[in-house]
Amino acid sequence: MARIETPRRIRGTQDIFGDEQRRFAHVLATFERVRALYCFQRVDIPVFESTAVFARSLGETTDVVSKEMYTFEDRGGDSLTLRPEFTAGIARAYLTEGWQQFAPLKLTTSGPVFRYERPQKGRFRQFHQIDAEVIGAAEPAADVDLLVLADQLLRELGISEGVTLQLNTLGDAATRDAWREALVAHFEAHRGELSEDSLTRLEKNPMRILDSKDPRDRPIADSAPDIDAYLTDEARAFFEAVTAGLNAAGVAWERNARLVRGLDYYRHTAFEFVTDRLGSQGTVLAGGRYDGLIGSLGGPETAGVGWAAGVERLAMLLEEPAAATIDAVVVPMGPEAEARATGIVADLRRAGLAVEMAYKGKMKARMAKADALGARFAIIIGDDELAKGVAAVKTLGAGTQAEVAFADLAEALR
């Protein structure tokens, strides 16, 4: 008989369990709690969209679209793509579902995203993000709200130490056009020294050269003109309002004039929370204002600003999370006790108590299981206890034991 080969986990994916899952769950639970404090609504969107949604919003020339998207044709012949990020799908939903009537909308979501890239520490092909967006608010106060939310999230996760908020302005449309022209002139003067990737970007996306990691490009990028000389009065006032808001909220930040977003629909604020605790891949949360995105998808010109963070990266920065606590383990001895214990376990769980049943092995092994699970109490039921209508309740930390009537168990455990 042919041997059946055991299936393997696909490269770049992960099975999240145990301590890793506790870290992961803690990030999501903290995010849900903090977003509610800031009055953001939860939204869930499809895992796949029409490929055009991402091609138009992320830009055909970006690495994500040209190299990293999971794109396939379905049985109807439509080109679909597994989402590589959330913003484009949320913008599409804003248009197709008629959410304009609710603007300004403060939305959060989370879930898996997909990019075909080289797997490495904290980077997977299926990974998970949390995401926050404000759509329909052109005011700098929306940027401040999102940044303070991000800062509080990192603080409540206990990972803000050593994480720095880097901030830049990309200006308004007039600022970007003037700056782009100056950048093209600067890079053209050094065309012979640029890397192949940067020569391609020079034609389509010159701002992206500023964040090139290629050592050949760094001296040229570092000597490129700053945006500040090209800021309009309106763009300067917008950035000053954002920084004043952060100062008022007690959020520390530093200026990084080389922080860019290459696509034309990005405006004004761009930001990253960075740390040196994750090696070279130091960004833990990033975002910016994208006032031109919904227009690029065919909708009316609509302001937008948002950020995303990788759940896996945030989880890697966490302290050891505490294991989930269990209120009690029920230890029945004998078939009659087991039958009675089934009802008791159900009643205790309905009363809001976390209860497990230890129904395998000898008494010593069952008590060992109760200890291993970190339970506060062991509830022992045997023939003697059945006859008296009580359970022997052992406090595992102290080693003390008392008899408690079955009807009073929930109250006694509390």
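The values are calculated or read from the model by the stated rules, or taken from the named source; none is laboratory data. Note that the structure is a prediction, hence the values are computed from the model and not measured. Cβ: placed from backbone, ideal geometry, glycine included. Neighbour counts: every protein chain shown.
Exactly one residue out of GLU161, GLU234 is closer than 23 Å to GLU139 by Cβ and modelled with pLDDT of 90 or more, and it is GLU234.
The residues on offer are ARG261, ARG289, ARG313, and the sole one that is at pLDDT below 95, surrounded by 18 or more Cβ atoms within 10 Å (Cβ to Cβ) and closer than 21 Å to PHE54 by Cβ is ARG261. When the strands (runs of 3 or more DSSP E) confined to the range 1-95 are screened for residues that are without any contact (Cβ under 8 Å) to a residue 24 or more places away in the chain, those reaching at least 3 such residues are found at 71-73. Listed conditions (1) in a helix (DSSP H, G or I); (2) at pLDDT 90 or above; (3) among the charged types (D, E, K, R) are all met by ASP327, apart from (1).
Yes/no per residue for (1) under 20 Å from GLY136 (Cα atoms); (2) in contact with a Cys (Cβ under 7 Å, 6 or more places away or on another chain):
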site	(1), (2)
GLU32	no, no
GLU49	no, no
MET69	no, no
PHE86	yes, no
ILE90	yes, no
GLU97	yes, no
LYS106	yes, yes
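Checked against (1) of a type in the set (Gly, Ala, Ser); (2) in contact (Cβ under 8 Å) with a residue 24 or more places away in the chain; (3) over 30 Å from VAL134 (Cα atoms), GLY389 passes all but condition (2). Residues in the range 245-277 that are in contact with a Lys or Arg (Cβ under 6 Å, 6 or more places away or on another chain) and assigned to a loop (DSSP other than H, G, I, E, B): GLY262 only. Determine whether GLY352 is more than 30 Å from VAL53 (Cβ to Cβ), at pLDDT 90 or above, assigned to a loop (DSSP other than H, G, I, E, B) and not hydrophobic (A, V, I, L, M, F, W, C). Considered against the rule, which asks whether it is more than 30 Å from VAL53 (Cβ to Cβ), at pLDDT 90 or above, assigned to a loop (DSSP other than H, G, I, E, B) and not hydrophobic (A, V, I, L, M, F, W, C), GLY352 comes out as yes.
Please verify whether GLY98 is at pLDDT below 95, surrounded by fewer than 16 Cβ atoms within 10 Å (Cβ to Cβ) and under 26 Å from GLU254 (Cβ atoms), treating the condition exactly as stated. Against the criterion (at pLDDT below 95, surrounded by fewer than 16 Cβ atoms within 10 Å (Cβ to Cβ) and under 26 Å from GLU254 (Cβ atoms)), GLY98 does not qualify. Does the range 28-35 include one or more residues that are at pLDDT 95 or above, surrounded by fewer than 14 Cβ atoms within 10 Å (Cβ to Cβ) and farther than 17 Å from GLN129 by Cβ? There is at least one residue in the range 28-35 that is at pLDDT 95 or above, surrounded by fewer than 14 Cβ atoms within 10 Å (Cβ to Cβ) and farther than 17 Å from GLN129 by Cβ.
Flag set for ALA354, criterion: outside the structural domain of PHE238 (by TED's automatic domain parsing) and closer than 30 Å to ARG35 by Cβ. Can you confirm whether ALA182 is assigned by TED's automatic domain parsing to the domain that holds ARG42 and among the hydrophobic types (A, V, I, L, M, F, W, C)? Answer is no for this residue.
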